[in-house]
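**Q** Please find one structure pasted underneath; my questions will follow.
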Amino acid sequence: MNATHVPVVSVRTVGSDAVALELRSPEGFDARPGQFVKLSATVDDEEVSRFYTISSPHITETFETTLTIDPTGTFGPYLSALESGDTIGVAGPFGNAYYEDEAQTLIVAGGPGVGPAVGIAERTVADGGETAVVYVDEDPIHEKRLSALSEQGATVFVVSEGDALPAAIENATAGAEPQPFVYGFADFLELATDALGAVGVDTDAAKTESFGPAPDA
């Protein structure tokens, strides 16, 4: 799929070394929270592209993706330095681990996986459903959106260690059987899937998306 160049609407800080990139939606762009896009640009005379997951609850004239920035990297610092009116290549959407009007959702996220987590949770609430977010990060991203979700009746657990996942998931589900989603780096997906299975959640039904190896892996 060829990239369409679209304008940047805004770039805002949502945590330490983390930004939310709002872009104009390409013509005919039809996506769901949890799907991902490929962003591309020419950086230092070299074509660079990376995949980023959509963090918007709805796709309108614009959409958002959330990314963490490795200061030693190439593309992350470039994206975080973009300004309104700059352009970026967008292709997609891709992926099948996305929200499909489920009445109950449970999103387990690590690091930048909180982007699709808040998007799916906000969409679930907007559609009149019930949602829970279990998020592992020592330095949380999107704290304002997580707080707003909690105020709207969502169940939100933010923990700093992966060891706390089973208890948090068990408390979040409280006997319900929501559709589980898991987003994060590869090692986190394994940890989260084990935690889901440990408390009796059907891991075969989980919609999962790996962001690849962690940056320091």
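**Q** Examine segment 65-75 for a residue that is open to solvent by less than 30 Å² (accessible area, probe 1.4 Å), modelled with pLDDT under 95 and out of contact with any helix residue (DSSP H, G or I) (no Cβ under 9 Å at 6 or more places or on another chain), and state whether such a residue exists. Steps first, please.
**A** Step one: list which residues in segment 65-75 are open to solvent by less than 30 Å² (accessible area, probe 1.4 Å), which gives 65-67, 69, 75.
Checking the rest, the ones that are also modelled with pLDDT under 95 come to 67, 69, 75.
This time we only want the ones that are out of contact with any helix residue (DSSP H, G or I) (no Cβ under 9 Å at 6 or more places or on another chain), so: 75.
So far as segment 65-75 goes, yes, one or more of its residues are open to solvent by less than 30 Å² (accessible area, probe 1.4 Å), modelled with pLDDT under 95 and out of contact with any helix residue (DSSP H, G or I) (no Cβ under 9 Å at 6 or more places or on another chain).
**Q** Quick one: how many residues across segment 180-217 are open to solvent by 40 Å² or more (accessible area, probe 1.4 Å) and assigned to a strand (DSSP E or B)?
**A** The total comes to 2.
**Q** While we're on this one: From 122, 138, 177, 170, grab the single residue that is in a helix (DSSP H, G or I) and surrounded by fewer than 18 Cβ atoms within 10 Å (Cβ to Cβ). Working first, answer last.
**A** Values: 122 fails: surrounded by fewer than 18 Cβ atoms within 10 Å (Cβ to Cβ); 138 fails: in a helix (DSSP H, G or I); 177 fails: in a helix (DSSP H, G or I).
Every option except 170 fails the conditions.
**Q** Do we have residue 119 as within 20 Å of residue 14 (Cα to Cα) and either in contact (Cβ under 8 Å) with a residue 24 or more places away in the chain or touching a helix residue (DSSP H, G or I) at 6+ places or on another chain (Cβ under 9 Å) (or both) here? Before you say what the answer is, go through the steps one by one.
**A** Details: within 20 Å of residue 14 (Cα to Cα): yes; either in contact (Cβ under 8 Å) with a residue 24 or more places away in the chain or touching a helix residue (DSSP H, G or I) at 6+ places or on another chain (Cβ under 9 Å) (or both): yes.
Yes: the conditions hold for residue 119.
**Q** Would segment 107-121 turn up any residue that is farther than 17 Å from residue 141 by Cβ and of a type outside the set (Ser, Thr, Tyr)? Let's see the steps before the verdict.
**A** Here is the first cut: in segment 107-121, the ones farther than 17 Å from residue 141 by Cβ are none.
Looking for residues that are farther than 17 Å from residue 141 by Cβ and of a type outside the set (Ser, Thr, Tyr), one finds none in segment 107-121, hence no.
**Q** Oh, and also: Residue 20 fails exactly one of the following numbered conditions: (1) modelled with pLDDT of 95 or more; (2) in contact with a Ser or Thr (Cβ under 8 Å, 6 or more places away or on another chain); (3) of a type outside the set (Val, Ile, Thr); (4) surrounded by 23 or more Cβ atoms within 10 Å (Cβ to Cβ). What is the number of that condition?
**A** The single condition residue 20 does not satisfy is (4).
**Q** Take segment 49-58 and flag every residue that is surrounded by fewer than 16 Cβ atoms within 10 Å (Cβ to Cβ) and not in a loop (DSSP other than H, G, I, E, B). Steps first, please.
**A** Kept after step one, since they are surrounded by fewer than 16 Cβ atoms within 10 Å (Cβ to Cβ), are these residues of segment 49-58: 49, 58.
49, the sole residue that qualifies.
**Q** Based on what the data block shows, is residue 109 under 22 Å from residue 211 (Cα atoms), of a type in the set (Gly, Ala, Ser) and not in a helix (DSSP H, G or I)? Break it down into steps so the answer makes sense when it comes.
**A** On the way: under 22 Å from residue 211 (Cα atoms): yes; of a type in the set (Gly, Ala, Ser): yes; not in a helix (DSSP H, G or I): yes.
Answer is yes for this residue.
**Q** Quick check on my filter: what residues within segment 101-117 are modelled with pLDDT under 95 and surrounded by 24 or more Cβ atoms within 10 Å (Cβ to Cβ)? Talk me through it step by step, then tell me what you get.
**A** We begin by selecting, within segment 101-117, every residue modelled with pLDDT under 95; these are 111-112.
Across segment 101-117, the qualifying residue is only 112.
**Q** Here is a list: 133, 125, 114, 108. Which entry is free of Cβ contacts under 8 Å to residues at least 40 places away in the same chain and in contact with a Phe, Trp or Tyr (Cβ under 8 Å, 6 or more places away or on another chain)? Working first, answer last.
**A** Working: 125 fails: in contact with a Phe, Trp or Tyr (Cβ under 8 Å, 6 or more places away or on another chain); 114 fails: free of Cβ contacts under 8 Å to residues at least 40 places away in the same chain; 108 fails: free of Cβ contacts under 8 Å to residues at least 40 places away in the same chain.
Sole residue among the options that is free of Cβ contacts under 8 Å to residues at least 40 places away in the same chain and in contact with a Phe, Trp or Tyr (Cβ under 8 Å, 6 or more places away or on another chain): 133.
**Q** Pull up segment 84-100, narrow it to residues that are within 20 Å of residue 20 (Cα to Cα) and open to solvent by 50 Å² or more (accessible area, probe 1.4 Å), then point me to the one that is nearest to the chain's Cα centre (by Cα).
**A** 98
**Q** A further question follows. How about segment 94-105: which of its residues are part of a loop (DSSP other than H, G, I, E, B) and either in contact (Cβ under 8 Å) with a residue 60 or more places away in the chain or within 12 Å of residue 183 (Cβ to Cβ) (or both)? Quick ask: steps written out before the conclusion?
**A** Keep residues of segment 94-105 that are part of a loop (DSSP other than H, G, I, E, B), which gives 95-103.
Listed by number, the residues that qualify are 95, 96, 97, 98, 99, 100, 102.
**Q** Does any residue in segment 176-198 that is over 12 Å from residue 132 (Cβ atoms) come within less than 7 Å, Cβ to Cβ, of a residue that is among the acidic types (Asp, Glu) and surrounded by 14 or more Cβ atoms within 10 Å (Cβ to Cβ) six or more places away or on a different chain, and which pairs are these?
**A** Short answer, once both residue conditions are applied: 183/209.
The values are calculated or read from the model by the stated rules, or taken from the named source; none is laboratory data. In this text, all values refer to a predicted model and were calculated from it rather than measured experimentally. Cβ sites come from the backbone with ideal geometry, for glycine too, and all protein chains shown count toward neighbours. With ligands, DNA and RNA removed, areas are computed over all heavy atoms of the protein, side chains included. Shrake-Rupley method; radii C 1.70, N 1.55, O 1.52, S 1.80 Å.
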